[in-house]
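The values are calculated or read from the model by the stated rules, or taken from the named source; none is laboratory data. Bear in mind that the values here come from a model prediction, so they are computed numbers and not experimental data. All Cβ positions, glycine included, derive from the backbone under ideal geometry; neighbour counts span all protein chains shown. Note: areas computed on protein heavy atoms with side chains; ligands, DNA, RNA excluded. Shrake-Rupley method; radii C 1.70, N 1.55, O 1.52, S 1.80 Å.
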Amino acid sequence: MSLIIAALFVILSMWQLSSSDQAATVADPDKDRVKPLSEVIQPGEVATATTADHTVEITGRYVPDSTVVIPGRLYDGAEGYWVVSELVIRDSEESWDAANGPMSMAVARGWVESADQVPAAPSDAVTVAGRFLPPEAPLGDRELPEKELASLSPAQLTNVWNAPLYSGYVAAAAEVPAGEELPVTEQGALAENASVMSAELRDLDIDQQPTDTSLNMLNLFYALEWIVFAGFAVFLWWRFVRDEYLRRQDPQKYFYLEGDYFWDEDAQSFYYWDERDQCYYYFDDQPAATSSSNGASTRENRTHPEHGATHE
């Protein structure tokens, strides 16, 4: 039984070890492959951890004068602004009945150091590729200049632009004129030379969020704990087997009752005198011992213990 329990503890340890590894968040290569937006999320759906971080492509037109900036964004340690524009998605008029018109996407096109350096978005139709990210919480209690917002919140931008938006936004990594091919690798990911069409903008190099590859230390601790329990169960089994072996080798050393006991040669068993019952009883659970056992006596001696040697 102890070995079965030990084996169960080992299985539980393996399960905890597996859980510690599965709990780690790692990069998913599929999220780096460029795919149509419709394969990732539909209009009206909430952006979740499952839909976030996928690289998507969209074709449409930027709305003139829709560009806003988000301050407090870092690029190589320098603080600046994200440039965000409204992209009206082509052929999206009937994609969501509640929209009563075409759908739009908030696109973070790049980074600038100063709000005075914001370039105009392309006027012609473009195909944009970038990472789809969940929305930021709206922060509307700060006094900011016109065309500046404290956070990139589609829920807030839908009122600013008066347009139906997707629940997340796209951090652009590439822009090409509509009809041209995006620069992608053989694996389907964006090539390193991909960029937006405005040279004044610094590209937003946003990786999957997060990409933590560390083990879950709590699960790892539980795994080690179950190994200790398994070792303790094996130790108990070894002690039981060892004690039983020694008891069979020298049973006289393993009598735990106080008082006199004797050896019956014919029955090959020890017996003892019970003071309470005033009679003799055999140690039925004791194995046979050799006739040379120290203090051995015969069955006849059982009624005359004074003739045989006793052990106290």
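Quick notes on this one:
- Paramagnetic label zone (point 7 Å from Cα along Cα-to-C-beta, Asp28; backbone N under 17 Å) in the range 101-145: 130-135
- Taking amide H positions as modeled 1.01 Å from N, with prolines and chain starts lacking one, the residues under 5 Å from Gly110 and 5 or more places away or on another chain are Val83.
- Asp116-Asn162 FRET efficiency (beta carbon distance; Förster radius 25 Å; 0.05 resolution): 0.45
- Sequence ranges 179-189, 106-116, ranked by mean other-Cβ count within 10 angstrom, highest first: 106-116, 179-189
- The range 25-124: C-alpha gyration tensor shape, a/c 1.5 cut-off, then a/b vs b/c: oblate
- For Pro177, neighbours were defined as the other residues whose beta-carbon sits under 12 Å from its Cβ, and their charges (Lys and Arg +1, Asp and Glu -1) total -3.
- Fraction of accessible area attributable to carbon and sulfur, the range 74-189 (%, probe 1.4 Å): 45
- Prolate/oblate/rounded call for the range 148-214, Cα gyration tensor, a/c under 1.5 rounded: oblate
- Overall, the anisotropy analysis places the range 42-197 in the rounded class: the square-rooted eigenvalues a ≥ b ≥ c of its C-alpha gyration tensor yield a/c less than 1.5.
- Nitroxide proxy distance, nm - points 7 Å out along Cα→Cβ at Tyr281 and Ala7: 3.7
- The range 147-210: relative contact order in percent, alpha carbon pairs under 8 Å with at least 6 residues between: 26
- The packing ranking of peptides 235-242, 39-46, highest mean first, is 39-46, 235-242, where packing means the average number of other beta carbon atoms within 10 angstrom of each residue.
- Sites Trp273 and Glu244 - FRET efficiency at Förster radius 25 Å, r taken between beta-carbons, to 0.05: 0.45
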